[in-house]
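Enquirer: Following this message is one structure expressed as structure tokens.
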Amino acid sequence: MIMKIDHNTKIILLRHGEVDIKSYKKISASQFRKWINEYNSSNIKSEFTAKNEIKNLFNEADVLICSNLKRTIQSVEIFDKTPFEINELFNEAELPSLTLDLLKLNPKIWLIIFRILWFFGYSKNCESYKETKQRAKKATKNLIKFSKQNKTIVFVGHGIMNRLIQKELILENWNKTKNMTSDNWSYSVLELKTEEEIDKNV
């Protein structure tokens, strides 16, 4: 039996809280891998401006889902909530590495450089852009599966992965009614198109 999705169903893609990581002025490309590991193991900042708004969002959720990275799990737990599913399928797009000690830059600059290289196909020691897009498709199908039995699904994820999932949901006839930014705790809201809306686009 095929279950239909209620058109009032919402999938909310929320970026995790800000990570409380030590400040570095300049590091080498070789040291950047260590910085990523530190970022992945650090706690998030528990106080932030939009705390009441996010609390209300979580209280309205029928299902809370997150990746298995510490920063998304903590983003749920600081509100005394427990994720229904913790899945590495939803983890952030990885970053490549490079052995280079001569040049030293701020970690945020390295992050931008390696992300651009990754988009252009450089994927040493990490999942490629193409592979990540395939994973995002699987993650989207997982969220749609939950939407068949729940009205409000809140997914706590990551900047790049959330955007890839959002793109897949739009291809699956979901409307974006609120757009995310790149900020922590930013979120987008997607609602399933009605049959009339789908017919207009045919």
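What follows is calculated from the coordinates using simple rules that are stated; it is not laboratory data. In this text the structure is predicted, and so the values were computed from the model without any measurement. Positions of Cβ are backbone-derived with ideal geometry, glycine not excepted, and every protein chain shown enters the neighbour counts.
Enquirer: Taking the Cα atoms only, what angle lies between the long axis of helix 159-171 and the longest principal axis of the chain, rounded to 10 degrees?
Expert: Here the helix axis deviates by roughly 30 degrees.
Enquirer: Now for a different question. Using alpha carbons only, how many angstrom separate the centre of region 138-194 from the centre of region 98-119?
Expert: Cα centroid to Cα centroid, the span is 29 Å.
Enquirer: For an R0 of 22 angstrom, estimate the FRET efficiency from the Cβ-Cβ distance between Lys51 and Thr181 and round to the nearest 0.05.
Expert: On the way: r = 17 Å, r/R0 = 0.78.
Step by step, r from the Cβ atoms, then E = 0.80.
Enquirer: Hey, another quick one. For Ile27, which sequence-distant residues (separation of 5 or more, or a different chain) have an amide H within less than 5 Å of its own amide H, given hydrogens modelled in the peptide plane?
Expert: Leu105, Asn106
Enquirer: Next question, about the same structure. Kindly put Ile54, Ile116, Ile86 in sequence by how many other C-beta atoms sit within 10 Å of each C-beta, fewest to most.
Expert: Working: Ile54 20, Ile116 10, Ile86 17.
Result, fewest neighbours first: Ile116, Ile86, Ile54.
Enquirer: Now, a different point. Can you put Met180, Met161 in order, fewest other beta carbons within 10 Å first?
Expert: Details: Met180 19, Met161 22.
Taking fewest neighbouring Cβ atoms as first place, the list is Met180, Met161.
Enquirer: Which cross-chain or sequence-distant (5 or more) residues have an amide H under 5 Å from the amide H of Asn68, H modelled 1.01 Å from N in plane?
Expert: So Asn68 has HN proximity to Asn87, Glu88, Phe90, Asn91.
Enquirer: Then there's this: How much of the DSSP bridge set in the chain is antiparallel, in percent, rounded to the nearest 5? Can you show the working numbers first?
Expert: Working: 12 of 24 bridges.
Expressed as a percentage, antiparallel bridges in the chain total about 50.
Enquirer: Please give the contour-minus-distance gain from Lys141 to Glu88: 0.36 nm per residue of separation, less the Cα-Cα distance, rounded to one decimal in nm. Working shown, then result.
Expert: Values: separation 53, 0.36 × 53 = 19.08 nm, distance 1.45 nm.
Gain on stretching Lys141 to Glu88: 17.6 nm.
Enquirer: Also: List the longest stretch of the chain that has no exposed loop site; here a site is one of the trypsin sites (Lys or Arg not before Pro) assigned by DSSP to anything other than H, G, I, E or B, with at most 10 other Cβ within 10 Å. Please list the in-between numbers first.
Expert: Working: sites that count: Lys4, Lys22, Lys25.
Longest stretch, sites excluded: 26-202.
Enquirer: Shifting gears a bit: Convert each backbone phi in region 126-136 into a coupling constant with the Karplus relation 6.51 cos²θ - 1.76 cosθ + 1.60 (shift: θ = phi - 60°), then list the ³J(HN,Hα) values in order as whole Hz, x for Gly and Pro.
Expert: Computed from phi, the couplings for region 126-136 are 8, 5, 6, 4, 4, 5, 5, 5, 5, 5, 4 Hz.
Enquirer: In percent, what relative contact order does region 106-202 have, based on Cα pairs under 8 Å that are 6 or more apart in sequence? If you can, show how the numbers build up before the last one.
Expert: Details: 56 pairs, mean separation 15.6, N = 97.
Relative contact order here is 16 percent.
Enquirer: Right, something else. Amide H neighbours of Lys10 under 5 Å, counting only residues 5+ apart in sequence or on other chains, H built in-plane at 1.01 Å?
Expert: Thr152, Ile153
Enquirer: Checking the table Lys51/Lys148; Lys130/Lys167; Lys45/Lys70; Lys141/Lys193; Lys138/Lys167 against a 20 Å threshold on Cα-Cα, which pairs fail? Before the final figure, lay out each step's value.
Expert: Values: Lys51/Lys148 29 Å; Lys130/Lys167 14 Å; Lys45/Lys70 12 Å; Lys141/Lys193 16 Å; Lys138/Lys167 13 Å.
Among Lys51/Lys148; Lys130/Lys167; Lys45/Lys70; Lys141/Lys193; Lys138/Lys167, the Cα-Cα distance tops 20 Å for Lys51/Lys148.
Enquirer: In whole percent, what relative contact order does the chain give with Cα contacts below 8 Å and a gap of six or more residues? Numbers along the way, then the final one.
Expert: Numbers: 342 pairs, mean separation 71.7, N = 202.
35 percent.
Enquirer: Based on alpha-carbon positions alone, could you give the equivalent ellipsoid semi-axes of the chain from the gyration tensor, as √(5λ), descending, whole Å? Please list the in-between numbers first.
Expert: On the way: eigenvalues 206, 84, 37 Å².
Whole-Å semi-axes of the equivalent ellipsoid: 32, 20, 14.
Enquirer: In debye, nearest 20: dipole of region 87-202 around its Cα centre with unit charges on the Cβ of K, R (+) and D, E (-)?
Expert: Values: 19 positive and 14 negative charges, 19 e Å.
In debye, rounded to 20, region 87-202 gives about 100.
Enquirer: Which of Val189, Val156, Val76 comes first, and how do the rest follow, when ranked by fewest Cβ neighbours within 10 Å?
Expert: Values: Val189 19, Val156 32, Val76 23.
So the ranking, lowest neighbour count to highest, is Val189, Val76, Val156.
Enquirer: Let me ask something else. For region 18-35, in order, what is each residue's ³J(HN,Hα) by Karplus, 6.51 cos²θ - 1.76 cosθ + 1.60 with θ = phi - 60°, in whole Hz (x at glycine and Pro)?
Expert: 5, 7, 8, 10, 4, 7, 10, 6, 9, 9, 7, 4, 5, 6, 4, 4, 5, 5
Enquirer: Do the sum for the chain: with -39,500 (n - 2.57) for every DSSP H run of n ≥ 4, divided by all residues, what is the mean residue ellipticity at 222 nm, to the nearest 500 deg cm²/dmol? Walk me through the intermediate numbers first.
Expert: Working: 7 runs with 82 residues, N = 202.
Roughly -12500 deg cm²/dmol at 222 nm, from the helical runs in the chain.
Enquirer: A further question follows. Assign unit charges at the C-beta atoms only (+1 for Lys and Arg, -1 for Asp and Glu), then state the dipole size of the chain relative to its Cα centre in Debye, rounded to the nearest 20.
Expert: On the way: 33 positive and 25 negative charges, 138 e Å.
For the chain, the charge dipole is close to 660 debye.
Enquirer: Answer with one residue from Asn175, Ser28, Phe146: the one whose Cα lies farthest towards the positive end of the charge dipole of the chain, charges on Cβ with Lys, Arg +1 and Asp, Glu -1.
Expert: Ser28
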